[in-house]
1. Using a probe radius of 1.4 Å on heavy atoms only, what accessible surface per residue do you get for segment 50-124? Whole Å² is fine.
2. Looking only at the chain, where both bridge partners belong to it, what percent of the DSSP beta bridges are antiparallel (to the nearest 5)?
3. Between Ser41 and Ser103, how many nm apart are label points set 7 Å from Cα along the C-beta direction?
4. For Cα pairs less than 8 Å apart in space and 6+ apart in sequence, what is the mean separation divided by the residue count of segment 1-115, i.e. the relative contact order in percent?
5. Take the solvent-accessible surface of the protein heavy atoms, probe 1.4 Å, and return the percent of it on the chain that carbon and sulfur atoms account for.
6. Using alpha carbon centroids, what distance separates segment 71-124 and segment 2-41, in Å?
7. Per residue of segment 111-120, what does 6.51 cos²θ - 1.76 cosθ + 1.60 with θ = phi - 60° give for ³J(HN,Hα)? Whole Hz please, x for Gly and Pro, Karplus curve as stated.
8. Please list the non-local residues whose amide H lies under 5 Å from the amide H of Leu85, H modeled 1.01 Å from N, same-chain partners needing a gap of 5 or more.
Amino acid sequence: QVQLVESGGGLVQPGGSLRLSCVASGNFFSIGDMAWYRQASGKERELVASVTRSGNKEYADFVKGRFTVSRDNGKNTMFLQMNRLNSDDTAIYYCKIRYSVGSYYIGTHEYDYWGQGTAVTVSS
């Protein structure tokens with residue numbers, strides 16, 4: 001059983017900032033890659049940023065220099081610091097994790113899990 005709790009979304013003016021968080025809990029052996037996706041109304045879901053367990057990060061071109069992704073492995077938490085927001089950033093932001101279940105003795109299997117999303121609205 002795995003649960004993801006996303007928070008931090010809301011209404012912000014253009015140029016403002018928000019910080020999103022994603023907290024994972026439940027029964028798992030470990031969490032691998034974590035990523036933020038977003039989906040605007042009427043558009044396809046797109047990758048925003050990702051971070052591996054070791055801390056390697058990747059960003060979509062449209063957020064590079066404005067957003068920063070980070071994670072705290074001890075707390076099973078991922079963050080997305082969003083600065084200089086504009087109307088194009090309005091979307092539902094989703095957390096996705098890759099986690100493994102099992103044990104050292106039995107072995108492990110990997111699965112992906114998605115959060116329910118948190119809404120970000122950038123408007124004056």
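The values are calculated or read from the model by the stated rules, or taken from the named source; none is laboratory data. Predicted model only: the values in this text are computed from it and were never measured. Counting neighbours? That spans all protein chains shown, and the Cβs are built from the backbone with ideal geometry, glycine included. All accessible areas refer to the heavy atoms of the entire protein, side chains included, with ligands and DNA or RNA removed. Shrake-Rupley method; radii C 1.70, N 1.55, O 1.52, S 1.80 Å.
1. Accessible surface, normalised per residue, equals 59 Å².
2. Once the DSSP bridges in the chain are tallied, antiparallel ones form about 95 percent.
3. Roughly 5.1 nm, to one decimal.
4. This gives 32 percent for segment 1-115.
5. Exposed carbon and sulfur together represent 46 percent of the surface.
6. 4
7. Each residue of segment 111-120 in turn: 9, 9, 9, 10, x, 7, x, 9, 7, 10 Hz.
8. Gly15, Gly16
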